[in-house]
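First comes the structure, then the notes that go with it.
Here, each number is a calculation from the coordinates, and none is a lab measurement. Given the structure is predicted, the values throughout are model-derived calculations rather than measurements. So basically every Cβ, Gly included, is an ideal-geometry build from the backbone, and we count neighbours across all protein chains shown.
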Amino acid sequence: MIRKLLRRVFRRPQASAAEALREPAIIGPGQHGIARDAISPAARKVCEVLQGAGHHGYVVGGAVRDLIAGFRPKDYDIATSATPEQVKDLFRRARIIGRRFRIVHVMIGAETLEVSTFRALHDNGTQTDEHGRVLHDNVFGSQAEDATRRDFTINALYYNPGDQTVIDYHHGVADLRQKTLRMIGDPRQRYREDPIRMLRAVRMAAKLGLAIDPAAREPIREMSGLLENVPPARLFDEMLKLLLSGHAVPCLTQLRDEGLHHGLLPLLDVIMEQPLGERFVWLSLANTDERVGAGKAVSPAFLFATLLWHEVLAHWESRKSRDEPTMAALHAAMGDVLDAQCEKLAITRRIAGDVKEIWALQPRFEARSGRRPLRLLEQPRFRAGYDFLLLRAQSGELPMEMPQWWERFANSDAEARLEMLEPDKTPRRRRRPRRSSGDGADRDAGTQAAHAPAQDT
Ligand code: ATP
Ligand code: MG
């Protein structure tokens, strides 16, 4: 008794360790409501194979949470007592990935499942940076410890396809029913360990329509600066998850309502502070949400192109006012904006390249004479450029007549297209003596635009 008391006193800083020893609630199908066949066959199979080999194997995290809340899971995470090597050996198509957090990707049919070994709680030996951010998380532990190490109570639910029970260590099912997002452990400490959890809180709450428990909500405002120490690539991944979650509008609205859009992420500041572009940005986000909801593909490049467009416009205008030539000014403006974002957000080179292409096509939609419109139609990026133009028009930046003309043009046959073309308005160039007949003047002007995207900015 005395020993127990002493232990409790001396272990007080690690209250979460004691918490980890609590008994979980075992919740049957009648209460949690997950139908057995709602779980993907691949996830069931992985659990079965793990259990058949004498390990624990549970569906965990987002899928269990989403199924209880009535959403279709986006993907499946599996938690197991087997080590990554043991998992890898049990499946034909499996590979170990990650450094900070080693997990196994198991491929079954078209699905990839993330299988992670139960993690132990952090202790004094855990490696952190000077702000308390955990750098490695590869010490394995019990299921109870694993549950306590997860971020929110609703994410610490383990579903066993074998007996269809949900194992709930932290009252996650009750919190989900009460529409509360509650952090496991002390929110401040958990944000210090991993500042990304602040963004996850907002994303999960917005997606599931939950209220963030005040203890978890209040520190975000004062701690958001810690996000600056997170590696940009991780920040970018999380930002993409937020924007492509299908709930970007409620996510960003929630961020703004809570005053969290300032300083949380550089991109958010840009998005939220564009008085002129506001309508455009919200339209584009709503459009993306709708596409995700309908199961259509969404391109991160298109999204980033829309989010940053009014920044580009502002830089472009200011450069033109300093007498820089139009196209050169546009390319320099694109560089200004992307450089500022890439530094913090690690927008990959490929995405940045695609974003630039979409932007660089925009002035080319203004030409309606000669061969230029036909050449634009042949561009592999025409569709993305056109969709972008349409959004610009819908937001009031351009007359709707412009995308309408292009839609008709694209859907017409060769003869009708010729009739739609306007007379060339470049008499000066046309008059220039040329050896060959034909449309040299057009080609000149078109080439300038066509080559423009390749310019180094
Ligand atoms: P979704 O996949 O729908 O975005 P998710 O909750 O499944 O949501 P994942 O990133 O797939 O998110 O993570 C799977 C699980 O791993 C989470 O449910 C949570 O239990 C745990 N987890 C993920 N990220 C963290 C984190 N930063 N800190 C603590 N636990 C985390
Ligand atoms: Mg997940």
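Key figures
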quantity	calculated
Dipole-positive endmost among Leu226, Pro24, Ala297 within the chain (Cβ charges, Cα centre)	Ala297
Over the chain, relative contact order from alpha-carbon pairs under 8 Å, at least 6 apart, %	10 percent
Degrees separating the helix 440-451 axis from the principal Cα axis of the chain, which is the longest one	20 degrees
Proxy reagent accessibility, fewest Cβ within 10 Å first, across Glu218, Glu397, Glu145	Glu218, Glu397, Glu145
Length-normalised contact order for the range 1-178 - Cα pairs under 8 Å, 6+ apart - percent	25 percent
Full-extension gain in nm, Arg22 to Ala211, via 0.36 nm per residue minus C-alpha separation	65.5 nm
Fewest-first ranking of Phe302, Phe365, using other Cβ atoms within 10 Å as the exposure measure	Phe365, Phe302
Cβ-derived FRET efficiency at R0 45 Å, Val249 paired with Thr83, nearest 0.05	0.60
Computed [θ] at 222 nm, helices only, for the chain once each DSSP H run of length n ≥ 4 contributes -39500 (n - 2.57)	-15500 deg cm²/dmol
Using θ = phi - 60° and Karplus 6.51 cos²θ - 1.76 cosθ + 1.60, couplings along the range 178-190 (whole Hz; Gly, Pro as x)	8, 6, 10, 9, 10, 6, 7, x, 7, x, 4, 5, 5
Prolate/oblate/rounded call for the chain, Cα gyration tensor, a/c under 1.5 rounded	prolate
Net charge dipole size for the chain [Lys, Arg +1 and Asp, Glu -1 on Cβ; Debye, nearest 20]	580 debye
Rounded to 10°, Cα long-axis angle of helix 232-243 versus longest principal axis of the chain	80 degrees
On Cα atoms only, tilt of 214-223 relative to the major axis of the chain in degrees	50 degrees
Contour minus Cα-Cα distance for Arg72 and Leu377 (0.36 nm per residue)	106.0 nm
Computed E for His136/Glu366 - FRET, C-beta separation, R0 41 angstrom, nearest 0.05	0.15
Summed residue charge, Cβ within 14 Å of Gly54's Cβ, Lys/Arg positive, Asp/Glu negative	-2
Cα-centre dipole for the range 1-178 with unit charges at Cβ (Lys and Arg positive, Asp and Glu negative), debye to 20	340 debye
Assigned charges on the beta-carbon of Lys, Arg, Asp, Glu; the range 166-224 dipole about Cα centre (debye)	220 debye
Length released on extending from Glu317 to Arg256, taking residue separation times 0.36 nm less the Cα-Cα span	19.2 nm
Least to most buried among Leu376, Leu398 (fewest other Cβ within 10 Å first)	Leu398, Leu376
